[in-house]
1. Does the stretch 432-441 contain at least one residue that is within 18 Å of VAL401 (Cβ to Cβ) and assigned by TED's automatic domain parsing to the domain that holds THR415?
2. Considering the stretch 383-416 alone, what residues qualify as being assigned to a loop (DSSP other than H, G, I, E, B), among the small types (Gly, Ala, Ser) and either without any contact (Cβ under 8 Å) to a residue 40 or more places away in the chain or out of contact with any helix residue (DSSP H, G or I) (no Cβ under 7 Å at 6 or more places or on another chain) (or both)?
3. Could you please find all residues in the stretch 491-503 being over 17 Å from LEU585 (Cα atoms) and either at pLDDT 95 or above or not acidic (Asp, Glu) (or both)?
4. Please enumerate the residues belonging to the stretch 394-407 that are crowded, with 21+ Cβ neighbours inside 10 Å and closer than 17 Å to LYS475 by Cα.
5. Taking ILE519 and the conditions (1) surrounded by 15 or more Cβ atoms within 10 Å (Cβ to Cβ); (2) within 27 Å of LEU341 (Cβ to Cβ), which numbered condition does it fall short on, given that it satisfies the others?
6. Among the residues of the stretch 361-375, is there at least one that is outside any helix (DSSP H, G or I), under 30 Å from VAL547 (Cβ atoms) and either β-branched (Val, Ile, Thr) or modelled with pLDDT of 90 or more (or both)?
7. Can you pull out the residues in the stretch 394-407 that are of a type outside the set (D, E, K, R) and within 34 Å of the chain's Cα centre (by Cα)?
8. Mind listing just one residue for me: the one in the stretch 66-125 that is in contact (Cβ under 8 Å) with a residue 12 or more places away in the chain and acidic (Asp, Glu) and, of those, nearest to ASP141 (Cα to Cα)?
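The values are calculated or read from the model by the stated rules, or taken from the named source; none is laboratory data. What you see is a predicted model; the values in this text were computed from it and never measured. Here Cβ is always computed from backbone atoms with ideal geometry, including for glycine, and neighbour counts include all displayed protein chains.
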Amino acid sequence: MEQNTAVNEIELRCLHGREAPCSGACPFPLNVRDFLTKIKKGSFHGAFNLYREAVVFPDLVWRICPAPCRDVCRAVLEKAVDMPALEQAALAYARSTAPIQYNLPAKSGRIAVVGAGLSGLSCALRLSVLNYSVTVFEKQDRICPELEELLPRDVFEPALMGEFRFTACSFLTGHPVTELADLDFDAVYLSSGAVSAGDGAHVFRSPEGLSPVEALVEGVRAADGIEWYLRTGRKKPLPAERSGSAPLPAAREGEALSKAEARQEAGRCTRCDCSACMQECMLMRQYGQTPRDLSKDVGLALNVFPETQGRAGMREIGACNFCGLCKTICPSGIDIGAFLLRSRTELCSKGLLPPAHHEFWLRDMAFSNGPQASYFYRPQPVCRFLFFPGCQSGGSDPRYVTMTYKKLLARDPGTALLLRCCGAPALWAGEAEAFRQEHTAILSFWEQAGRPVVLVSCPSCCRIFREYMPDIPVKIVYELLEAEAQAGAQEAAVFDPCSSRDFPEIQAAVRRLAAQSGIRLEELQYAGEKAQCCSWGGHGYAVNPVVTRAQAREQAEQSPLPYITYCTNCRDIFSGRGKSCRHILDLVNGINDGPRRPPTATERRNNRRALKRELLTAYPTEEAEKMEERPMLQLMMEDQVAARMSEDLILEEDLAQAIETCESEQKYLIDPQSGRRVCHLKIGYVTYWVEYARREGSVCIVYNAYSHRMTIKEEYGAEG
């Protein structure tokens with residue numbers, strides 16, 4: 001139900017193919033594109049007619065409207081188009097500003113409007129122009145006293161009353177209405193500020209506390225509802241009424257632009273059709289869909305009947321990396337990433353999310369939190385800081401943890417250390433319970449350390465902590481570190497990880513360290529608030545590698561300069577594509593000053609094992625007893641085979657398990673010419689195939705390996 005509501009909300013809020021963002025921001029139904037096009041062409045009268053029809057009182061609105069259209073226009077143009085000035089110009093240069101006299105037959109139905117405020121007047125005008133019999137009752141001796149704080153009466157009163165010139169609307173000032181029963185009318189509208197006793201199906205009320213512009217819009221809304229009621233005998237379902245205490249706007253006065261100036265100003269409009277997310281987001285470009293189209297596909301994928309599930313929607317749900325860029329650049333604030341993440345969680349809860357899409361990362365999370373990699377060291381009962389480097393830092397290079405921790409201990413000997421995963425893989429997999437359990441475990445370690453400030457080095461961990469564990473104080477470790485100037489330092493570009501977008505303090509700290517190292521920094525086009533994903537986030541690789549590879553390539557090609565980043569995943573992704581990239585901890589610790597290939601998936605695991613062994617030696621804990629490991633079959637292979645296995649998310653330990661199992665059960669095939677053996681084993685949801693040859697002892701040579709999400713039902717016997 002919640003996701004169906006979200007689909008409808010996206011359908012309503014997405015501006016692609018609809019009115020421009022400025023029209024969406026305008027409180028009135030004004031087609032801003034058409035209005036500006038007419039001004040640009042010099043058709044001031046046509047522009048004025050559009051304007052009058054939308055705003056009801058044209059000579060008042062340009063003076064008092066806060067022009068929210070300019071706020072969204074600034075997202076496209078550095079200087080927003082001056083809509084109030086162009087509205088004034090439309091009035092100044094129209095052939096005539098006299099109201100249009102419609103020759104309509106009189107309508108049946110008598111309407112009373114109680115209160116001659118702005119909402120009452122706009123309601124009365126709309127209905128009286130349609131030739132309904134309308135009577136306005138005002139307890140004071142003048143209309144709209146609330147406007148006297150903004151404009152002189154000799155300015156706003158003609159602007160209002162002049163629009164009633166060709167109507168038969170009656171005004172009774174100095175005529176309070178205390179009992180609605182005293183009014184013999186078919187419909188009654190109580191405008192903002194009007195107080196009368198009584199109620200009934202024919203009574204319509206305005207909310208209190210509206211700004212002048214909101215009051216005008218509310219009056220038109222009420223007029224539509226009243227006409228519907230008079231024609232059908234029942235009230236029309238209307239949007240929820242707004243209420244509040246809106247501040248008064250600043251009134252505008254002054255000389256109108258000249259015709260030439262107005263045409264030039266209108267000509268600055270780019271007539272934007274909002275496609276910001278489709279231009280900036282790799283996922284949206286890959287699928288060529290608007291948020292509305294994507295949300296419809298997702299709605300089909302959420303169908304609880306598997307035989308009718310939308311397959312396209314499943315791909316889109318699985319390919320998003322949840323970087324948050326869509327929400328940042330969307331003028332309507334649509335967060336497609338959050339919508340898709342909720343969809344994953346819902347599908348997972350229904351058992352409809354393909355588990356193989358996320359199995360590798362969930363297993364890796366279990367490894368990070370298990371006895372071979374997890375580690376907790378508390379040098380004293382109550383610690384001031386707790387260093388949480390995340391699960392991937394040590395996998396990329398164990399020194400990112402060991403050397404950084406030594407620096408932190410030198411600064412504060414009571415700093416604790418916790419090696420675990422923050423739970424992001426469970427979040428991205430839609431496994432809400434596993435995500436919650438991991439946070440429970442982290443909170444327990446934090447409590448044991450005396451509730452210290454947690455120092456993170458991974459921006460993704462920072463994002464998880466601050467959003468999902470707000471009780472834990474978090475600080476980025478780079479704010480506590482220093483870097484020394486390096487000989488031969490050159491230019492480099494800072495690549496901001498997508499998870500740092502909302503944390504300018506992290507971005508600033510990294511730039512400070514890079515500058516201390518003597519590096520001359522260049523800013524990329526997509527930096528800071530517009531930081532984009534390197535392709536790692538969200539587990540999209542298993543679902544659509546085409547998207548993730550294109551994403552990595554695009555980010556690597558933003559600049560020919562080497563990159564400095566502060567996410568180990570970003571560093572390894574770019575290095576794997578031949579991009580010169582260093583982690584900020586390389587600079588801080590004075591390591592990896594040359595090209596370094598990224599570790600394979602197996603090496604990442606082995607690095608974490610080695611990291612824990614090193615930490616247990618340097619900082620012994622009771623966990624030393626848990627590090628006993630069963631000897632694994634030794635595999636030998638060429639580098640290109642190892643690289644391809646890593647790209648396919650195949651671990652050597654999975655192949656070793658497949659070989660050992662099939663050898664023990666005598667379930668393999670033999671190529672009679674080469675003597676090589678082929679076997680397969682399903683581990684979890686994935687079936688692994690390996691082509692190998694046996695050597696002396698516990699050594700095998702691997703020639704090829706691949707995996708797929710399929711169950712092999714046939715069984716083959718083989719000679720030993």
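1. Looking for residues that are within 18 Å of VAL401 (Cβ to Cβ) and assigned by TED's automatic domain parsing to the domain that holds THR415, one finds none in the stretch 432-441, hence no.
2. Passing the criteria: only GLY414.
3. CYS498, SER499, ARG501, PHE503
4. Scanning the stretch 394-407 gives VAL401, THR404, TYR405.
5. Evaluating ILE519 over (1) surrounded by 15 or more Cβ atoms within 10 Å (Cβ to Cβ); (2) within 27 Å of LEU341 (Cβ to Cβ) leaves (2) as the failure.
6. yes
7. Matches in the stretch 394-407: GLY394, GLY395, SER396, PRO398, TYR400, VAL401, THR404, TYR405.
8. Here the residue is GLU87.
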